[in-house]
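Quick note: the coordinates plus some simple rules give every number you see, no bench work behind them. Bear in mind that the values here come from a model prediction, so they are computed numbers and not experimental data. All Cβ positions, glycine included, derive from the backbone under ideal geometry; neighbour counts span all protein chains shown.
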Amino acid sequence: MIKPYQAVALQTNVLNVPNRKEVQKNLDHIGNMIDLVHHMCGLELPVKLIALGEGAIQGFIDEIINMDSATYIETMAADIPGPETAFLGEKAKEKDCYIIAQLKTRNPKFPDRFFNTVFMVGPTGEVIYQYQKNVVLIVEHSSTPHDVYDEWIKLHGDSIDAFFPVARTAIGNIGGSVGVEGNIPESYRGLAMNGAEIFYHGSLPEPWVSRGIWEVQNRSRAIENTAYMIATNTGALEVAGPNGVTSIGGALGGQSAIYNYKGDEMAKSTVVDNAYVSAEINIEALRYYRENARFQNWIPFLRTEIYRRLYDGSLWPKNNPPMQHEEADEIFYDTVKKLKKNGTFTDSSD
């Protein structure tokens with residue numbers, strides 16, 4: 001039996017560092033906050049899961065300045081395992097908990113690329129989970145498994161686990177992604193079909209948080225899949241410039257939250273700063289609900305045969321080279337033309 005425990009969405013201010021040597025500044029800040037939240041939230045129930053936002057460790061420098069892949073790999077991209085995962089691993093070991101976070105990482109199998117990777121360290125201090133983001137925004141320079149599709153399936157196979165891995169842990173089955181993938185229902189449905197009971201979603205920028213999109217994404221993914229959602233945004237973004245450091249409090253939008261497997265809001269931050277929210281996770285209750293509820297429990301109702309035709313054709317092309325913003329734009333508009341041709345989109349009056 002898995003006893004109820006506390007999960008924490010840990011929202012941290014982020015220094016947008018220019019190189020990997022500076023990353024330790026963010027890690028030290030994260031470590032101090034982990035010490036605090038583990039103590040405070042542990043007054044209610046033991047804290048067994050802590051989630052950090054996307055960019056909490058490295059910032060977002062590649063996207064902001066349109067840094068090419070080769071430069072990012074040389075100056076910033078992390079290795080797993082590496083110093084960053086070792087630091088968080090020591091914290092997980094010290095606190096007897098799991099920590100899930102995000103890094104943009106190198107991969108020796110693909111030396112000219114880097115990937116946007118969700119990872120988790122467990123109570124032993126070891127990395128126990130990795131998920132490479134499958135859909136990236138045009139301004140991102142990270143590659144996806146789809147960009148190296150042919151090579152990826154040679155290495156990992158073509159199963160659901162190759163693209164939507166889930167960690168089966170002593171506190172439940174956990175999986176997640178970051179950023180724009182919150183807009184892609186299939187991303188979280190893939191994790192759910194592979195057994196996920198707890199979703200992680202890291203960070204979304206403004207203006208899409210204050211418009212309510214962040215909340216809609218996270219609640220919807222929880223409702224659709226009868227799964228907990230830990231949605232951790234980052235706080236203020238601190239950007240260094242010629243006149244010092246500018247703190248942009250509204251860059252990401254905050255509003256970190258935790259939703260239960262019915263989509264109910266269990267906890268939500270109202271500040272855009274260093275913050276945290278915590279809520280009880282009851283995996284045994286979720287499992288019983290999935291076994292018995294005949295409403296608000298949608299996966300058993302899926303008519304999988306009739307949905308397959310939706311994805312028979314290719315849209316965004318696979319096996320792409322690393323791209324800058326302009327090259328990604330070109331593929332985007334080519335894909336829009338394809339959608340018009342097949343009748344999915346209709347031409348505007350322009």
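Taking 0.36 nm per residue of separation and subtracting the current Cα-Cα distance, fully stretching the chain between Val271 and Asn19 would add 87.9 nm. Convex hull volume per residue, computed on the Cα atoms of the stretch 181-226, equals 60 Å³. Would you order Met266, Met40, Met229, Met120 from fewest to most other beta-carbon atoms within 10 Å of each residue's own beta-carbon? By the 10 Å Cβ count, ascending: Met40, Met266, Met120, Met229.
With K and R counted +1 and D and E -1, the other residues having a Cβ less than 13 Å from that of Pro123 yield a net charge of 0. At the listed q of 0.15, 0.22, 0.27, 0.33 Å⁻¹, the Debye profile of the stretch 304-350, built from one uniform point per Cα, gives log10 I(q)/I(0) equal to -0.53, -0.88, -1.03, -1.19.
Put in order of Cβ neighbour count within 10 Å, fewest first, the listed residues Cys97, Cys41 become Cys41, Cys97. Sorted ascending by nearby beta carbons within 10 Å, beginning with the fewest, Leu237, Leu191, Leu155 become Leu155, Leu237, Leu191. The loop-placed chymotrypsin sites (Phe, Trp or Tyr not before Pro) in the stretch 230-329, going by DSSP, that have at most 16 neighbouring Cβ atoms within 10 Å of their Cβ come out as Phe295, Trp298. Here's the list of lysines a cross-link from Lys268 could span, going by alpha-carbon distance under 29 Å and ignoring same-chain residues fewer than 8 apart: Lys3, Lys25, Lys48, Lys91, Lys93, Lys95, Lys104, Lys133. Only DSSP H runs of four or more residues enter the estimate; each adds -39500 (n - 2.57), and after division by the residues of the chain the mean residue ellipticity at 222 nm equals -9000 deg cm²/dmol.
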